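S.K.: Supplied in structure tokens, the structure appears directly below.
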Amino acid sequence: MNQTSTTYGLLAEYDSTHGIFEACQKVRDAGYKKWDACTPFPVHGLEKAMGLPASKLPWMVLGAAITGASLAIIFMVWVSAFDYPLNIGGKPTWSIPAFIPVMFEITILFSALTTVFGMIWLNRLPAWHHPLFQSIRFERVTDDKFFIVIESSDPLFDQKRTQKLLEDTGAIKTEVLEA
């Protein structure tokens, strides 16, 4: 690794979705692991071009949904059949059809909360400061420009070689980001 301790990484700017798509494939094929693509709108297939694995969030939500439904049914059976049984017209003390609305609501509650807090955790939010925010050029990411940032903490990062790679991918401009 050939960087100073204050260098965060390199930022490359692109004009089009096609340009960033191809650049992401080249950066992925070069073997970089600590990098990201920033776009003003979702680009279909970019996650595959970047070589990103599938998100863990759906599995987290499924686990929360199963947990919520299980806890709801256990609680309702315990209350209705054991803790405070009521004999109402000879009906059984634990009737699954009567529990379905509550089970559904608790399942949705657990799933929704896991989705919100899981996204916050997986996206490492809140990020009060990020070195990208110091770049004047990066402000256009919310308008019409596309960017790739490669972090200096990547094992393959060498400032000159990485900058050459980004320029060879068709970057309009490259910039060194300070931490």
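The values are calculated or read from the model by the stated rules, or taken from the named source; none is laboratory data. Keep in mind it's a predicted model, so treat the numbers as computed, not measured. A quick note on method: Cβ atoms are made from the backbone with ideal geometry, for glycine too, and the neighbour counts reach across all protein chains shown.
S.K.: Could you tell me which residue of the stretch 105-147 is farthest from the chain's Cα centre (by Cα), considering only residues that are of a type in the set (Lys, Arg) and either loosely packed, with under 13 Cβ neighbours inside 10 Å or part of a helix (DSSP H, G or I) (or both)?
M.R.: Only one residue tops the list, namely Arg137.
S.K.: When Ile150 is evaluated against the numbered criteria (1) at pLDDT 95 or above; (2) surrounded by fewer than 17 Cβ atoms within 10 Å (Cβ to Cβ); (3) in the same structural domain as Cys24 (by TED's automatic domain parsing), which criterion, by number, is the only one it fails?
M.R.: (2)
S.K.: Sticking with this structure for a sec: Yes or no: Ser153 of a type in the set (S, T, N, Q), touching a residue at least 12 places away in the same chain (Cβ under 8 Å) and part of a loop (DSSP other than H, G, I, E, B)?
M.R.: For Ser153, the condition - of a type in the set (S, T, N, Q), touching a residue at least 12 places away in the same chain (Cβ under 8 Å) and part of a loop (DSSP other than H, G, I, E, B) - is met.
S.K.: A further question follows. Evaluate the following for Glu13: is it among the acidic types (Asp, Glu) and in contact with a helix residue (DSSP H, G or I) (Cβ under 7 Å, 6 or more places away or on another chain)?
M.R.: In short, yes.
S.K.: Val27: within 13 Å of Ala171 (Cα to Cα) and of a type in the set (A, V, I, L, M, F, W, C), yes or no?
M.R.: So Val27 passes the test.
S.K.: Okay, next question. When you scan the stretch 28-73, how many residues do you find that are of a type in the set (Val, Ile, Thr) and either touching a Lys or Arg at 6+ places or on another chain (Cβ under 7 Å) or assigned by TED's automatic domain parsing to the domain that holds Leu132 (or both)?
M.R.: The total comes to 2.
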